[in-house]
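Here is the structure we will look at, set down as structure tokens.
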Amino acid sequence: MNIFLIGYRCTGKTTVGRSLAKRLERLFFDTDLELVKEQGIKIPEIVGKKGWAAFRDIEKRVIQCACERDNQVVATGGGAVLDEENVKRMKERGVLVWLRADIKTIEKRIIEDNTTQDFRPALTSKGSVEEIRETLLARNPFYERAMDFFVDTDSMDIEAVSDRIIQNLKKIESKKINNF
């Protein structure tokens with residue numbers, strides 16, 4: 001079983017994913033990092049040269065590769081859940097954990113994150129707060145439909161988020177065992 005971390009940019013998917021993988025002694029797979037490695041250029045360049053549709057096709061292939069493996073923690077790109085096939089594949093291969101954060105937390109993390117320019121191209125032509133608000137409004141229903149459970153990351157450190165995920169995974173495993 002894989003653990004797929006879904007959610008908007010800067011909600012902690014990569015950072016928490018690395019921590020969680022280490023604690024659970026699993027491999028860590030970041031779809032954005034893998035995509036960049038495979039393409040040999042940064043995400044904004046891919047989007048700029050090929051467009052969002054081509055980017056989403058590449059992302060879909062990378063997610064499919066992640067789903068062919070087992071026993072790993074996978075940090076997905078923020079828009080991965082927009083594709084129903086991605087969600088279906090991930091659900092077949094594991095548990096989907098929605099890492100949530102409010103607009104102010106996301107904006108603060110984007111400003112503080114040195115890799116934002118490399119991995120997070122602008123999604124709209126609006127200012128950052130308006131872009132976050134608009135994109136969250138559009139994407140939250142997708143995250144909600146896809147998730148098995150969520151963890152709010154606003155006021156929690158990496159270890160606390162990892163603890164909460166592990167607690168919820170244990171509950172899910174316990175339910176599976178009790179249902180047999």
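The values are calculated or read from the model by the stated rules, or taken from the named source; none is laboratory data. For clarity, every value in this text was computed on a predicted model and none was experimentally measured. Note that each Cβ is placed from the backbone with ideal geometry, even for glycine, and that neighbours are counted across all protein chains shown.
Worth a mention:
- Complete set of residues in segment 40-52 that are more than 25 Å from K108 (Cβ to Cβ) and either in contact with a Phe, Trp or Tyr (Cβ under 6 Å, 6 or more places away or on another chain) or crowded, with 17+ Cβ neighbours inside 10 Å (or both): I46
- Listed conditions (1) out of contact with any Lys or Arg (no Cβ under 7 Å at 6 or more places or on another chain); (2) under 21 Å from S19 (Cβ atoms); (3) crowded, with 21+ Cβ neighbours inside 10 Å; (4) not aliphatic (A, V, I, L, M) are all met by G78, apart from (1).
- When residues of segment 146-173 are limited to those that are assigned to a loop (DSSP other than H, G, I, E, B) and among the acidic types (D, E), the one nearest to K104 (Cα to Cα): D154
- Helices (runs of 4 or more DSSP H) wholly inside segment 84-138 that include at least 3 residues being modelled with pLDDT of 85 or more and touching a strand residue (DSSP E or B) at 6+ places or on another chain (Cβ under 8 Å): 84-93
- Every pair of residues 6+ apart whose Cβ atoms lie under 7 Å, when the first sits in segment 51-74 and is on the phi > 0 side of the Ramachandran plot and of a type outside the set (D, E) while the second is assigned to a helix (DSSP H, G or I) and exposed (fewer than 13 other Cβ atoms within 10 Å of the Cβ): none
- Within segment 1-31, the residues that satisfy the criterion of being modelled with pLDDT of 95 or more, of a type in the set (D, E, K, R) and surrounded by 14 or more Cβ atoms within 10 Å (Cβ to Cβ) are K13, R18, R23, R26, D30.
- Any hit, segment 64-76, residues being of a type in the set (G, A, S) and either part of a strand (DSSP E or B) or modelled with pLDDT under 95 (or both): yes
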